[in-house]
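Working notes for the structure below.
The values are calculated or read from the model by the stated rules, or taken from the named source; none is laboratory data. Every value quoted in this text rests on a predicted model; they were computed, and no experiment measured them. Counting neighbours? That spans all protein chains shown, and the Cβs are built from the backbone with ideal geometry, glycine included.
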Amino acid sequence: MEYDASDKNSVYNFAKKLTGKTLRDVLSPQIIQESEKLFINNGNKGRFGHKIEKHYFGYDINSDKEADFSLCKLELKVTPMKLKNDGSLTPKERLVNNIINFDEIVKETWHTSSLLKKINSILLIRYLDPMNKEINQLDYKILDVQIINLSSNAEDFNQFEKDWNLIVNKIKDGKAHELSESDTMYLGACTKGENKESQRSQPYSSEKAMQRAFSFKTQYMKILLDRCPGMYDYL
């Protein structure tokens, strides 16, 4: 392994080598050949972030409550950017985090929450989402790599705490079925699923609620983007 998974700076410096490059630029010929075969048979099946996890960082995809790089408490997130007609970049979508467990979250506080443990320190990799969807994911260009330490920005941290408490208090009031992304500013509770099969029980009401996940709302993703103008160098 070309980085020390217990050292946050080592992980970051290894990730930083992706800046301005594609996976085709950095992966071994053998992995590229295997990916090419999969692309011919299945197209771009599977998320781009999964390919970075597996083929670049060399670890298997997981859905653990712990951060991806658990030894240094660093969570990996890969997110697409869109190029607008005026030449500016904008986040393509919200950044989805872990599923909300209605039964367990009411036992937590913000400072002890499973969410904070997972997102307090994030390795964020942004890439340019191609307009041509037939482009192989091996050729997606990575624009930027940065570490976001939520607790180091008091304004962000306090707003996340406020948003988290609003979501949890609504669940405690037996209103999980009334949760809406419009309730909050930075941290959202987005739906996961579209039908009755995606409904879940809640602890303080007999009414089923749609399964939801925490997410960084697009508004917050734009704020993070504004703090990182250097990625325009790689368009």
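Summary of values
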| item | result |
| --- | --- |
| Those residues of the range 199-235 which are within 20 Å of the chain's Cα centre (by Cα) and either part of a loop (DSSP other than H, G, I, E, B) or among the aromatic types (Phe, Trp, Tyr) (or both), in sequence order | Gln211, Phe214, Phe216, Lys217, Tyr220, Arg227, Cys228 |
| Residues that are over 21 Å from Glu93 (Cβ atoms) and buried (at least 16 other Cβ atoms within 10 Å of the Cβ), drawn from the range 197-213 | Arg200, Gln202, Ser205, Ala209 |
| Test: residue in the range 189-200 that is hydroxyl-bearing (Ser, Thr, Tyr), touching a residue at least 60 places away in the same chain (Cβ under 8 Å) and touching a strand residue (DSSP E or B) at 6+ places or on another chain (Cβ under 7 Å) | no |
| Members of the range 143-196 found to be among the small types (Gly, Ala, Ser) and crowded, with 18+ Cβ neighbours inside 10 Å, listed by number | Ala176, Gly188, Ala189 |
| When residues of the range 103-119 are limited to those that are surrounded by fewer than 19 Cβ atoms within 10 Å (Cβ to Cβ) and under 17 Å from the mean Cα position of the chain (by Cα), the one nearest to Ser151 (Cα to Cα) | Leu116 |
| Subset of the range 159-191 (residues that are of a type in the set (A, V, I, L, M, F, W, C) and either over 12 Å from Ile100 (Cβ atoms) or in contact with a Pro (Cβ under 6 Å, 6 or more places away or on another chain) (or both)) | Phe160, Leu166, Met185 |
| Total residues in the range 4-26, condition closer than 14 Å to His55 by Cα, touching a residue at least 12 places away in the same chain (Cβ under 8 Å) and either in contact with a Cys (Cβ under 7 Å, 6 or more places away or on another chain) or not polar (S, T, N, Q) (or both) | 6 |
| Test for Ile100: is it under 28 Å from Met185 (Cα atoms), surrounded by 14 or more Cβ atoms within 10 Å (Cβ to Cβ) and either touching a helix residue (DSSP H, G or I) at 6+ places or on another chain (Cβ under 6 Å) or not hydroxyl-bearing (Ser, Thr, Tyr) (or both) | yes |
| Hits in the range 144-192 (condition: touching a Phe, Trp or Tyr at 6+ places or on another chain (Cβ under 8 Å), part of a helix (DSSP H, G or I) and not aliphatic (A, V, I, L, M)) | Ser151, Asp156, Gln159, Phe160, Glu161, Asp163, Trp164, Asn165, Lys172 |
| The one condition in (1) farther than 15 Å from Leu150 by Cα; (2) charged (D, E, K, R); (3) without any contact (Cβ under 8 Å) to a residue 60 or more places away in the chain that Glu93 fails to fulfil | (3) |
| Given (1) at pLDDT 90 or above; (2) in contact with a Phe, Trp or Tyr (Cβ under 9 Å, 6 or more places away or on another chain); (3) not basic (Lys, Arg), number of the condition Tyr59 does not satisfy | (1) |
| Residue within the range 221-232 that is surrounded by 13 or more Cβ atoms within 10 Å (Cβ to Cβ), charged (D, E, K, R), under 27 Å from Pro80 (Cα atoms) and at pLDDT below 95 present | no |
| The lone exception for Phe57 - which of (1) surrounded by fewer than 18 Cβ atoms within 10 Å (Cβ to Cβ); (2) under 17 Å from Val145 (Cβ atoms); (3) in contact with a strand residue (DSSP E or B) (Cβ under 8 Å, 6 or more places away or on another chain) it fails | (1) |
